[in-house]
1. Just to verify a result, which residue in region 145-158, among those that are touching a helix residue (DSSP H, G or I) at 6+ places or on another chain (Cβ under 9 Å) and either surrounded by fewer than 17 Cβ atoms within 10 Å (Cβ to Cβ) or small (Gly, Ala, Ser) (or both), is nearest to THR36 (Cα to Cα)?
2. Please verify whether region 66-76 includes one or more residues that are aliphatic (A, V, I, L, M) and under 16 Å from SER102 (Cα atoms).
3. Determine, yes or no, whether ALA15 is under 21 Å from TYR79 (Cα atoms) and at pLDDT 95 or above.
4. Looking at region 99-133 only, could you name the residues that are within 11 Å of the chain's Cα centre (by Cα) and assigned to a loop (DSSP other than H, G, I, E, B)?
5. Filter region 35-81 down to the residues that are polar (S, T, N, Q) and under 21 Å from HIS117 (Cβ atoms), then identify the one that is surrounded by the most Cβ atoms within 10 Å (Cβ to Cβ).
6. Hey, can you tell me all the residues within region 9-43 that are touching a Ser or Thr at 6+ places or on another chain (Cβ under 8 Å) and either in the same structural domain as GLY206 (by TED's automatic domain parsing) or basic (Lys, Arg) (or both)?
7. Here are ASP5, ASP45, ASP30: which of them is of a type in the set (Asp, Glu) and not in a helix (DSSP H, G or I)?
Amino acid sequence: MSINDELLGLARNIAEKAGHLLLDRPASWDLTYKSTAIDIATQMDIASEKLIVNAILAARPDDGIIGEEGADRTSKSGYTWVIDPVDGTVNYFYGLPAWNISIAVKDAEGAVAGVVHAPTIDSTWFATRGGGAFLNGVSIACNEPIELNRALISTGFAYDVRDRVNQLDYINHLLPKIRDLRRIGSAAVDICCVATGMVDGYVETGLKEWDLAAAQLIATEAGAIVTTHSWRGMDLTVAGGRSLHGQLMREIPA
């Protein structure tokens, strides 16, 4: 077994354990407010990150860790884990599906293994660098080629409502030119849906490393292009098959 496969196996095992924890939803909520009053974390985000961090360190004590809820550990081994203990916290809080646990492992060149585990929709996406991408063990590939006027595009919106004005600008520009728009509520699942061909493309601003690390590897291994560039003072992420990605990049207003 290669080191990448070994790391992926550990990541999948830990993600499944975190999923079991999170499926036992609490009777009441202890909310923490982060960047804005609508950007929340629950006690379950904290508990999930603690479970994941403890499991990683028990197996690989010299690895680094970057976590959305504050885990920060410098690597001594050359490998760093990038974790989002609950991606789609608002979905989780409201009892909506598609929240997930996102875990990636990276070296100096980028992600080498990644898993996005979404237990409420019975979906586990995973990939290793150079090893292809899979959904529930079945090989996946993005839709290619797709013309813009036949493209189903997913997106999300910023917690800082001031950023939504700019986001609505590219949505208003794209909407008359595409098949339709979807808003799932989880960046990792959105990008994995591109990887699986459940949607054709994805556009969103403001993603963090823990939102992207696992899903970007999965989508890339499925043949998609995933890029992030500066746009109006924000980071804009665009994902899609090669032909659609180019069309989306050309259509996004300056």
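The values are calculated or read from the model by the stated rules, or taken from the named source; none is laboratory data. Quick caveat: nothing in here was measured; it's all calculated off a predicted structure. Cβ atoms come from the backbone with ideal geometry, glycine included; neighbour counts cover every protein chain shown.
1. Looking at residues that are touching a helix residue (DSSP H, G or I) at 6+ places or on another chain (Cβ under 9 Å) and either surrounded by fewer than 17 Cβ atoms within 10 Å (Cβ to Cβ) or small (Gly, Ala, Ser) (or both), I get ALA158.
2. Within region 66-76, the subset aliphatic (A, V, I, L, M) is 66, 71.
With under 16 Å from SER102 (Cα atoms) added as a condition, the list becomes 66, 71.
There is at least one residue in region 66-76 that is aliphatic (A, V, I, L, M) and under 16 Å from SER102 (Cα atoms).
3. Working: under 21 Å from TYR79 (Cα atoms): yes; at pLDDT 95 or above: yes.
Criteria met by ALA15.
4. TRP99
5. Step one: filter region 35-81 for residues polar (S, T, N, Q), giving 35-36, 42-43, 48, 54, 74-75, 77, 80.
Filter once more, keeping what is under 21 Å from HIS117 (Cβ atoms): 42-43, 48, 54, 80.
On the way: THR42: 20, GLN43: 13, SER48: 26, ASN54: 11, THR80: 19.
By that ranking, first place goes to SER48.
6. Selection gives ARG12 alone.
7. Numbers: ASP5 fails: not in a helix (DSSP H, G or I); ASP45 fails: not in a helix (DSSP H, G or I).
Every option except ASP30 fails the conditions.
Let's see how each residue does on (1) outside the structural domain of VAL189 (by TED's automatic domain parsing); (2) at pLDDT 95 or above; (3) among the aliphatic types (A, V, I, L, M); (4) touching a Ser or Thr at 6+ places or on another chain (Cβ under 8 Å):
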| site | (1), (2), (3), (4) |
| --- | --- |
| SER75 | yes, yes, no, no |
| TYR79 | yes, yes, no, no |
| ASP87 | yes, yes, no, yes |
| VAL105 | yes, yes, yes, yes |
